[in-house]
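Here the structure comes first, spelled out in structure tokens, and everything after it is commentary.
The values are calculated or read from the model by the stated rules, or taken from the named source; none is laboratory data. Computed from a predicted structure; not experimentally measured. Methodologically, a virtual Cβ is constructed for each residue, glycine included, from the backbone with ideal geometry; neighbour enumeration extends over all protein chains shown.
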Amino acid sequence: MWPILRLRRRALSHRDRLMHLKRIGIFGGTFDPFHLGHFLVARAAIEEANLERLFLVPAARSPFKPEGKSTDDSRRLKWLRLALQGETNCSVDTQELKRGGVSFAIDTVTAYHDAFPQAQLFYLIGADHVPTLYQWREASQLARLVTFLIVPRPGQQPTALKEPFLGQFLKGFPLGVSSSIIRDRIRRGFPISGLVHPKVEEDIVNCPISG
């Protein structure tokens, strides 16, 4: 079982706790499936950026894979919730699935800015996206609303952020595993133990997915 990410208990209701958050992280992705690499990225972000809450936001359709076919929304959402059971400083947000269509960062970030105007927002991205950030939809507005937390890629030299973007590179837990690698192992009949949460593995074994 993966270690639990702990959040200090407060004598406030759940709703009040959310409204008083000052440092919020947003972690988007297809999560197809959610795996150990995602979990370790979440831990590094929480610890290194001192996040009070990290929201994981499964995409309806990634702008980086507009024609890509992903596992159905309900299944990806189920895996995410299974993997995060007991993780009290992580929450799953379904807003992009509810909106449908291509999931753009600016739409999600704007929703968080409106809901938590008092909070500093952090947005997680892979280091490979840094060179093309200026091409993202409403990039200048995005730069005003968030600080980027940049996830290193094993064996890749990081590219420095350029103005107007602000951010920090995470140091912890780079892992050379991806959802596509896991899907390929499933297709080839290889084990995925240790790469996904045990409950996610059990669900995939009981109801296999296509590669």
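Here is how the numbers come out for the structure above:
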| quantity | calculated |
| --- | --- |
| Any hit, the range 152-159, residues being modelled with pLDDT of 85 or more, closer than 24 Å to residue 105 by Cβ and either hydrophobic (A, V, I, L, M, F, W, C) or assigned to a loop (DSSP other than H, G, I, E, B) (or both) | yes |
| Selection status of residue 181, modelled with pLDDT under 90 and either surrounded by 14 or more Cβ atoms within 10 Å (Cβ to Cβ) or not in a strand (DSSP E or B) (or both) | yes |
| Cβ-Cβ under 9 Å pairs, at least 6 apart or on other chains, the range 121-142 side outside any helix (DSSP H, G or I) and aliphatic (A, V, I, L, M), far side at pLDDT 95 or above and surrounded by fewer than 18 Cβ atoms within 10 Å (Cβ to Cβ) | 121/23; 121/113; 121/145; 121/147 |
| Among the residues listed as 149, 170, 124, the single one being touching a helix residue (DSSP H, G or I) at 6+ places or on another chain (Cβ under 9 Å), at pLDDT 90 or above and more than 22 Å from residue 63 (Cα to Cα) | 170 |
| Number of the condition not met by residue 128 [criteria: (1) farther than 19 Å from residue 38 by Cα; (2) surrounded by 14 or more Cβ atoms within 10 Å (Cβ to Cβ); (3) among the charged types (D, E, K, R)] | (1) |
| Members of the range 56-106 found to be surrounded by fewer than 19 Cβ atoms within 10 Å (Cβ to Cβ) and part of a strand (DSSP E or B), listed by number | 91, 92 |
| Single match in 112, 134 (criterion: crowded, with 16+ Cβ neighbours inside 10 Å and either of a type in the set (Asp, Glu) or closer than 23 Å to residue 96 by Cα (or both)) | 112 |
